[in-house]
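Structure, as structure tokens:
The values are calculated or read from the model by the stated rules, or taken from the named source; none is laboratory data. Keep in mind it's a predicted model, so treat the numbers as computed, not measured. Neighbour counts run over all protein chains shown; Cβ positions are idealised from the backbone, glycine included. Calculation scope for accessible area: heavy atoms of the full protein, side chains included, ligands and nucleic acids excluded. Shrake-Rupley method; radii C 1.70, N 1.55, O 1.52, S 1.80 Å.
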Amino acid sequence: SLMTVVVGFNDGPTSGPDPPHSHPHEQVSYVASGEINLFMENNLTRLGPGDMFTVPPNIPHSVQLLTEHVILVDSFTPVREDFLK
């Protein structure tokens, strides 16, 4: 019931955040490299290597890449079936 994925971005820095999205999954993310801005619940948090954040189910959130390369290690519960396709 737990899924962990490594997500790499190579198109930063971006001029603004991605469009907000939400999902019914609880999410825990680890910033393995690079820097991001996390937008969630009217808050902006700057995160870098070694930082972690959590996203409760159904809460809109978004990230903005601040560096060219960013690697996030994301864990979701339950498993994200949409990632298996």
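With the condition kept exactly as written, say whether any residue in the range 18-32 is touching a helix residue (DSSP H, G or I) at 6+ places or on another chain (Cβ under 9 Å) and either modelled with pLDDT under 95 or surrounded by fewer than 17 Cβ atoms within 10 Å (Cβ to Cβ) (or both). First the steps, then the outcome.
Taking the range 18-32 first, the residues touching a helix residue (DSSP H, G or I) at 6+ places or on another chain (Cβ under 9 Å) are 23.
Subsequent filtering for residues that are either modelled with pLDDT under 95 or surrounded by fewer than 17 Cβ atoms within 10 Å (Cβ to Cβ) (or both) retains 23.
Within the range 18-32, one or more residues are touching a helix residue (DSSP H, G or I) at 6+ places or on another chain (Cβ under 9 Å) and either modelled with pLDDT under 95 or surrounded by fewer than 17 Cβ atoms within 10 Å (Cβ to Cβ) (or both).
Across the range 1-17, the number of residues qualifying as free of Cβ contacts under 8 Å to residues at least 24 places away in the same chain and open to solvent by less than 40 Å² (accessible area, probe 1.4 Å) comes to 0. Apart from one condition, Ser29 fits all of (1) under 17 Å from Thr77 (Cα atoms); (2) not in a strand (DSSP E or B); the exception is (2). The number of residues in the range 71-85 that are hydrophobic (A, V, I, L, M, F, W, C), over 10 Å from the mean Cα position of the chain (by Cα) and not in a loop (DSSP other than H, G, I, E, B) comes to 3. Scanning the range 62-78 for residues that are more than 16 Å from Ser33 (Cβ to Cβ) and in contact with a Leu (Cβ under 7 Å, 6 or more places away or on another chain) yields Ser75, Thr77.
Determine which member of the set Ser75, Ser15, Ser29, Ser22 is at negative phi and touching a Pro at 6+ places or on another chain (Cβ under 6 Å).
Numbers: Ser75 fails: touching a Pro at 6+ places or on another chain (Cβ under 6 Å); Ser15 fails: touching a Pro at 6+ places or on another chain (Cβ under 6 Å); Ser29 fails: touching a Pro at 6+ places or on another chain (Cβ under 6 Å).
One residue alone meets the criteria, Ser22.
Restricting the range 57-85 to residues that are charged (D, E, K, R) and over 15 Å from Ser22 (Cα atoms) leaves a set whose member that is surrounded by the most Cβ atoms within 10 Å (Cβ to Cβ) is Glu68.
Taking (1) free of Cβ contacts under 8 Å to residues at least 24 places away in the same chain; (2) over 15 Å from Val73 (Cα atoms); (3) in a loop (DSSP other than H, G, I, E, B) in turn, Gly50 satisfies each apart from (2).
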